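Participant: Handing you this structure, nothing more for now.
The values are calculated or read from the model by the stated rules, or taken from the named source; none is laboratory data. Just so we're clear, the structure is a prediction, and the values are computed from it rather than from any experiment. Here the Cβ positions follow ideal geometry from the backbone for every residue, glycine too, while neighbour counts run over all protein chains shown.
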C-alpha cells in the first residue's frame with residue numbers, strides 16, 4: 001500500500017519540478033508564450049533563403065531542403081519569410097557532402113548495412129552589408145536503412161538534419 005503512494009508522490013514532485021522551471025515539450029504551448037524568435041534580434045527576423053549550394057548530383061536535395069527549412073522555421077515561429085529586396089537577413093545552406101554507402105559481406109555478397117549521410121552548414125548574413133551573424137559550422141547526420149527504403153531514408157535524413165540545424169541556430173543565434 002505504501003509503494004503506490006510513494007510512487008504517486010514522486011511522480012507529482014517530478015511534474016511540479018519540470019513545469020515549475022518552465023520546461024515544455026517542443027511544439028507545445030501558445031505562440032505568445034513560446035516564441036523561439038524571442039532569441040533572435042528583432043531586426044534579423046525578416047529572412048530570405050539566398051541559395052542552397054548543392055555540389056552533389058542529387059537534384060531533389062535543393063527543393064527538399066528549402067521546403068523543410070521554411071516549414072521548420074515557421075513551425076518554431078523563428079522568422080518572417082520575405083523576398084530578397086525586403087529581407088534583413090539572408091540564409092545560405094551549403095551541402096558539403098551527401099552520400100549513400102553499402103557494406104557488403106557474406107558468401108553471397110548480400111548488403112548487410114545501408115546508410116545515407118549528409119554534411120551541411122547554415123550561414124546567416126546581414127542583408128545590408130553581408131556580415132556573417134551566424135555560422136553553424138559543418139554538421140553531419142546519417143541514417144541507416146533496409147534494402148528498398150533508400151527514398152524513405154533520404155526523407156528522414158533531410159528532415160532530421162534540418163531539425164538539428166534549426167535547433168543549433170536557436171541555441172547559438
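Participant: Please work out if residue 163 is buried (at least 16 other Cβ atoms within 10 Å of the Cβ), closer than 27 Å to residue 43 by Cα and either at pLDDT 95 or above or in contact with a strand residue (DSSP E or B) (Cβ under 9 Å, 6 or more places away or on another chain) (or both).
Facilitator: Numbers: buried (at least 16 other Cβ atoms within 10 Å of the Cβ): yes; closer than 27 Å to residue 43 by Cα: yes; either at pLDDT 95 or above or in contact with a strand residue (DSSP E or B) (Cβ under 9 Å, 6 or more places away or on another chain) (or both): yes.
So residue 163 passes the test.
Participant: Go through (1) over 18 Å from the mean Cα position of the chain (by Cα); (2) modelled with pLDDT under 85; (3) surrounded by 10 or more Cβ atoms within 10 Å (Cβ to Cβ); (4) within 21 Å of residue 134 (Cβ to Cβ) one by one and return the number of the condition residue 16 breaks.
Facilitator: (4)
Participant: If you don't mind, there's one more thing I want to ask. From the set of residues in the range 136-150 that are more than 14 Å from the chain's Cα centre (by Cα) and surrounded by 11 or more Cβ atoms within 10 Å (Cβ to Cβ), which is modelled with the lowest pLDDT?
Facilitator: Filtering the range 136-150 for residues that are more than 14 Å from the chain's Cα centre (by Cα) and surrounded by 11 or more Cβ atoms within 10 Å (Cβ to Cβ), the one modelled with the lowest pLDDT comes out as 146.
Participant: Could you count how many residues in the range 68-87 are touching a helix residue (DSSP H, G or I) at 6+ places or on another chain (Cβ under 8 Å), part of a helix (DSSP H, G or I) and closer than 20 Å to residue 127 by Cα? First the steps, then the outcome.
Facilitator: First, pick out the residues of the range 68-87 that are touching a helix residue (DSSP H, G or I) at 6+ places or on another chain (Cβ under 8 Å): 68-69, 72-73, 76-79, 81.
Adding the requirement that they be part of a helix (DSSP H, G or I) leaves 68-69, 72-73.
From the residues that got through so far, the ones that are closer than 20 Å to residue 127 by Cα too are 69, 73.
The number of residues fulfilling the criteria is 2.
Participant: So, in the range 59-90, how many residues would count as being surrounded by 15 or more Cβ atoms within 10 Å (Cβ to Cβ), within 25 Å of residue 143 (Cα to Cα) and free of Cβ contacts under 8 Å to residues at least 60 places away in the same chain?
Facilitator: Within the range 59-90, residues that are surrounded by 15 or more Cβ atoms within 10 Å (Cβ to Cβ), within 25 Å of residue 143 (Cα to Cα) and free of Cβ contacts under 8 Å to residues at least 60 places away in the same chain number 3.
Participant: With more than 15 Å from residue 52 (Cα to Cα) and modelled with pLDDT under 95 as the only criterion, which of 114, 157 stands out?
Facilitator: Details: 157 fails: modelled with pLDDT under 95.
Testing whether each residue is more than 15 Å from residue 52 (Cα to Cα) and modelled with pLDDT under 95 leaves just 114.
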